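Chemist: I have a structure here, written as structure tokens, and I will follow up with some questions on it.
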Amino acid sequence: MKVSVIGASGYTGAQLVHYLHNHPKFEVQQCFVSEHSQDAAKKLNDLHGFLAKDCDYRLEPLSSENIKQVGDENAAVFLALPHEASHHWVSELSTTNAKIFDLSAAYRLSDMPAFAKYYGFDHEYQALQQSSTYGLVEWNTNDIKNAQVVAVPGCYPTASLLALKPLIENNLVDATKIPVINAVSGVSGAGRKASLTTSFYEVSLNPYGVHTHRHIPEIEEHAGCPVIFTPHLGNFKRGILATVTVFLNDNATSENIDAAYHHAYANCDLIRLKANWPKVDDVVNTSYCDLHWDFNEEKSCVIVASAIDNLLKGASSQAIQCANLAFGLPDSLGLK
């Protein structure tokens, strides 16, 4: 099946191309950047040295006048673009027959005022926004299979929701107390563009976006409850560790907490339920999410730790999981 990647020059875009290039069922046709990009006409493996010698796709400049042609010529189109650009181009692509996998946040929220507040511009395509599918693979499998437009979740929401949802869906959470999420990400989460605040030399370990981070409404919408979410930036390249504290109701026991996680993820190839606390090094450069939890009966709370690679399970490999499902393939095909 022919596929193309728009926004292929960034960290996430390059990972997308890498996995699609080696995928047994997809064939990369073209890799695009915006028409004004400094990376236009360069070879992708010259920008990203980890790519194989034959992964030498030339980065082609793309303008809005040519976007529909890309949809007409491909079975699937992946967008790894800024939110504003995806906002328009997903709408254009939706009039073609291509399946669309958008890695920006442009179509993740159904609440239009919240979207405008957190992303700084009004959404112009409300009907498409409402009809798009949220691509949290392990929880929205059937919807993804039938979707044309899939909004691939953010990295922090992926780590947080995979930890939270088994408890929420099994009615174990005390609705009077708000779950608390503390998460640390490597600097690659800020993207490839240079910035003093995300420079590896400048980063130590610090919270940021306290009470204001863009992923707060995404986590809350898809968890179905309010959360207190505090992200941190760590002095490492990639990976996320989210530690989630959840207060539980009187129905919670060690046995039904364990059952909730084992039942939820029994048939999920890329979720690993660990006997010990997960660490970032174990998931970097993989598509896995590692989970571990511990219940304190005296305090009626459980602490759940979730580790993912922010560029893979938190972005590109989850997009490919979605594409696998949309084309009737096993969701982990080409990712293990």
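Nothing in this text is a laboratory measurement; each read-out follows from the coordinates by a stated rule. Please read all numbers here as calculations on a predicted model, not as lab measurements. Cβ placement follows ideal geometry from the backbone for every residue including glycine, while neighbour counts extend to all protein chains displayed.
Chemist: Which of the aspartates and glutamates could a cross-linker bridge to Lys25, judged by Cα under 14 Å and excluding same-chain residues fewer than eight apart?
Modeler: Asp331
Chemist: Using a/c under 1.5 as the rounded threshold, could you call segment 1-85 rounded, prolate or oblate? The axes a ≥ b ≥ c are square roots of the C-alpha gyration tensor eigenvalues, and prolate needs a/b larger than b/c, oblate otherwise. Could the numbers behind the result be given before it?
Modeler: Working: a/c = 1.71, a/b = 1.13, b/c = 1.52.
Here segment 1-85 falls in the oblate category.
Chemist: Using the number of other C-beta atoms within 10 angstrom as an exposure proxy, rank Tyr125, Tyr11 with the fewest first.
Modeler: Details: Tyr125 17, Tyr11 20.
Exposure proxy ranking, most exposed first: Tyr125, Tyr11.
Chemist: Shifting gears a bit: Which entries of Lys2/Lys313; Lys177/Lys237; Lys43/Lys165; Lys299/Lys336; Lys43/Lys117 show an alpha-carbon separation above 32 angstrom in the structure shown?
Modeler: Details: Lys2/Lys313 23 Å; Lys177/Lys237 34 Å; Lys43/Lys165 41 Å; Lys299/Lys336 39 Å; Lys43/Lys117 38 Å.
Checking Cα-Cα distances, Lys177/Lys237; Lys43/Lys165; Lys299/Lys336; Lys43/Lys117 exceed 32 Å.
Chemist: State to the nearest 20 debye the size of the charge dipole of segment 23-124 about its Cα centre, where the only charges are +1 on K and R beta carbons and -1 on D and E beta carbons. Walk me through the numbers before you get to the answer.
Modeler: On the way: 9 positive and 16 negative charges, 67 e Å.
Result for segment 23-124 is approximately 320 debye, rounded to the nearest 20.
Chemist: Another question about this same structure. Calculate log10 I(q)/I(0) of segment 1-150 for q = 0.19, 0.20, 0.22 Å⁻¹, where I(q) comes from the Debye formula with a single equal point scatterer on each Cα and nothing for solvent.
Modeler: Normalising to I(0) and taking log10 leaves -1.18, -1.28, -1.45.
Chemist: Same structure, new question: So what are the ³J(HN,Hα) numbers for segment 59-67, from phi and the Karplus equation (6.51, -1.76, 1.60; θ = phi - 60°), rounded to whole Hz, Gly and Pro as x?
Modeler: Working through the residues one at a time gives 7, 8, x, 10, 10, 5, 5, 9, 5 Hz.
Chemist: Using θ = phi - 60° and the Karplus relation 6.51 cos²θ - 1.76 cosθ + 1.60, list the HN-Hα couplings for segment 285-299 in order, rounded to whole Hz, with x at every Gly or Pro.
Modeler: Rounded to whole hertz, the list is 6, 10, 9, 8, 10, 9, 10, 8, 9, 8, 9, 9, 5, 4, 9.
Chemist: In percent, how large is the relative contact order of segment 92-177, given Cα pairs closer than 8 Å and 6 or more residues apart? Walk me through the numbers before you get to the answer.
Modeler: Numbers: 83 pairs, mean separation 28.0, N = 86.
So the answer I get is 33 percent.
Chemist: For segment 155-310, with equal point scatterers placed on the C-alpha atoms only and solvent neglected, what are the log10 I(q)/I(0) values from the Debye formula at q = 0.08, 0.11 1/Å, to two decimals?
Modeler: -0.23, -0.42
Chemist: Turning to a different aspect of this structure: Based on alpha-carbon centroids, what's the gap between segment 79-105 and segment 1-21 in Å, whole number please?
Modeler: 14
Chemist: Which is farthest toward the positive dipole end of segment 155-310 among Asn171, Ala259, Ala223, measuring Cα position about the Cα centre, with Cβ charges +1 (Lys, Arg) and -1 (Asp, Glu)?
Modeler: Ala223
Chemist: Can you pull a Stokes-Einstein diffusion coefficient for the chain at 25 °C (0.890 mPa s), Rh from Kirkwood over Cα pairs, as a whole number of µm²/s?
Modeler: Values: Rh = 20.3 Å.
For the chosen part, D equals 121 µm²/s.
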